[in-house]
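First comes the structure, then the notes that go with it.
The values are calculated or read from the model by the stated rules, or taken from the named source; none is laboratory data. Note that the coordinates shown come from a computational prediction; the quantities given were computed from them, not determined experimentally. Cβ placement follows ideal geometry from the backbone for every residue including glycine, while neighbour counts extend to all protein chains displayed.
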Amino acid sequence: MDSAERSDSEGDIRVWLEGLRGRDLTEEDVTRAVQRLLAEGPTIMPLLLEQFTTEDEALLAVATKTLMVWETPDPVKPLLDLLKSPEISDLAKALILNILEHRGLDVNDPAVFGLAINLEDFVVEPGRGGNGTVQEL
């Protein structure tokens, strides 16, 4: 498949995914979507990862289920990178942690879980005796 064919295929998949946006998908719908995406091969991984920047539950469900069974290239590193992004919603981060746990990572490890926390959203207010409180902004 040459780059023009890949581009056309990616464009078709992008349009098809947009058609899923906002829909109330059944488990069968999600399974069919996963099968279609897996058949497209590794060139669509960036498109799958892009779905985590949306808050659309249908697109998040399809991307999550697909990446749970994805083989190559391994999605762990790009998913860890997404966890660091402040633009990723809490729901998307929770789903990413779910994928990572499914793939064998210890998501309770502070090195992994800590990536999902945006410390800029919190402020420490000093207290008496060195005891401060942490409040969400």
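Output yes when any residue across the range 48-59 is under 18 Å from VAL112 (Cβ atoms) and within 11 Å of the chain's Cα centre (by Cα), and no when none is. Yes, because at least one residue in the range 48-59 is under 18 Å from VAL112 (Cβ atoms) and within 11 Å of the chain's Cα centre (by Cα). Beta carbons closer than 6 Å, at least 6 apart along the sequence or on distinct chains, pair a first residue in the range 28-39 that is closer than 12 Å to VAL69 by Cα with a second that is charged (D, E, K, R) and modelled with pLDDT of 95 or more for VAL34/LYS65.
The requirement of being more than 11 Å from the chain's Cα centre (by Cα), of a type in the set (Ser, Thr, Tyr), farther than 26 Å from GLY11 by Cβ and modelled with pLDDT of 95 or more is not satisfied by THR133. Residues that are in a helix (DSSP H, G or I) and polar (S, T, N, Q) within the range 54-105 comprise THR64, THR66, ASN98, listed in sequence order.
Just wondering, is there one or more residues in the range 30-51 that are among the hydroxyl-bearing types (Ser, Thr, Tyr), part of a loop (DSSP other than H, G, I, E, B) and surrounded by fewer than 20 Cβ atoms within 10 Å (Cβ to Cβ)? No, that holds for no residue.
For (1) within 10 Å of the chain's Cα centre (by Cα); (2) crowded, with 17+ Cβ neighbours inside 10 Å, each residue gets a yes or a no:
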| site | (1), (2) |
| --- | --- |
| THR64 | yes, yes |
| TRP70 | no, yes |
| LEU80 | yes, no |
| ILE88 | yes, yes |
| ALA92 | yes, yes |
| ASN98 | yes, no |
| GLU101 | no, no |
| GLY104 | no, no |
| ASP109 | no, no |
